[in-house]
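Student: Take a look at the following structure, please.
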Amino acid sequence: MSGWLRKLPGYQTYEPGLERKVLHQLPQFTVMGGLAIALPSLLARLLLSAKAERIIDILVIATEIFFLVMVLTLAIAAIIVMLSKGPAYVADAYPLIESDRPAK
């Protein structure tokens, strides 16, 4: 187990960039965006009929689901970029069974 997760010699790490800022601001963006999307539903309760409320509620729920999926996608992308900027590790070697040159 001594060779497990050995860092590749000569690897280069990169400075944290925009992905760290995105991950840091994502919770606040999610809450504020979710509240902003829910605002038409709240206003419909005050100003419109019950039938219009139902239609707006359906649209708000669909938009909220889309928004949350996009936030999740953005978070996954930022995590992938953050991980790819980290150190490189030595992969385990395995014998190549099929090759262009047969064994003698």
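The values are calculated or read from the model by the stated rules, or taken from the named source; none is laboratory data. Worth saying up front: this structure is predicted, and the values here are computed from it rather than measured. FYI the Cβ positions are ideal-geometry reconstructions off the backbone, even for glycines, and counts take in every protein chain you see. To get the accessible areas, we keep the full protein, side chains included, count just its heavy atoms, and leave off ligands, DNA and RNA. Shrake-Rupley method; radii C 1.70, N 1.55, O 1.52, S 1.80 Å.
Student: Full extension from Ala88 to Lys51: what is 0.36 nm times the residue separation minus their Cα-Cα distance, to one decimal in nm?
Tutor: On the way: separation 37, 0.36 × 37 = 13.32 nm, distance 5.80 nm.
Gain on stretching Ala88 to Lys51: 7.5 nm.
Student: Turning to a different aspect of this structure: Please compute, for the alpha-carbon atoms of region 15-97, the extent along each of the three principal axes and give them in descending order in Å.
Tutor: 71, 35, 11
Student: Please list 11-21, 60-70 highest first by mean number of surrounding beta-carbon atoms within 10 Å per residue.
Tutor: Numbers: 11-21: 11.1, 60-70: 13.0.
Top of the packing list down: 60-70, 11-21.
Student: Something else about it: Near Tyr89, within a Cβ-to-Cβ distance under 9 Å, what is the net charge of the other residues, with Lys and Arg +1 and Asp and Glu -1? Don't skip to the end; give the middle numbers.
Tutor: Numbers: positive: Arg6, Lys7; negative: none.
Local net charge: +2.
Student: Please compute the length gained on full extension between Thr30 and Leu42, using 0.36 nm multiplied by the number of residues separating them and subtracting their Cα-Cα distance.
Tutor: Details: separation 12, 0.36 × 12 = 4.32 nm, distance 1.83 nm.
Working it through step by step, the gained length comes to 2.5 nm.
Student: Can you give me the long-range amide H partners of Lys85? Hydrogens built in the peptide plane at 1.01 Å from N, cutoff under 5 Å, separation of 5 or more residues or another chain.
Tutor: none
Student: Let me ask something else about it. Over the alpha-carbon set of region 16-61, divide Rg by the Kirkwood Rh and report the Rg/Rh ratio to two decimals. It would help to have the intermediate numbers written out before the result.
Tutor: Details: Rg = 15.6 Å, Rh = 12.3 Å.
Result: Rg/Rh = 1.27.
Student: What figure, in Å² to the nearest 10, do you get for the accessible area of Val90 with a 1.4 Å probe and non-protein molecules left out?
Tutor: The accessible area of Val90 comes to roughly 50 Å².
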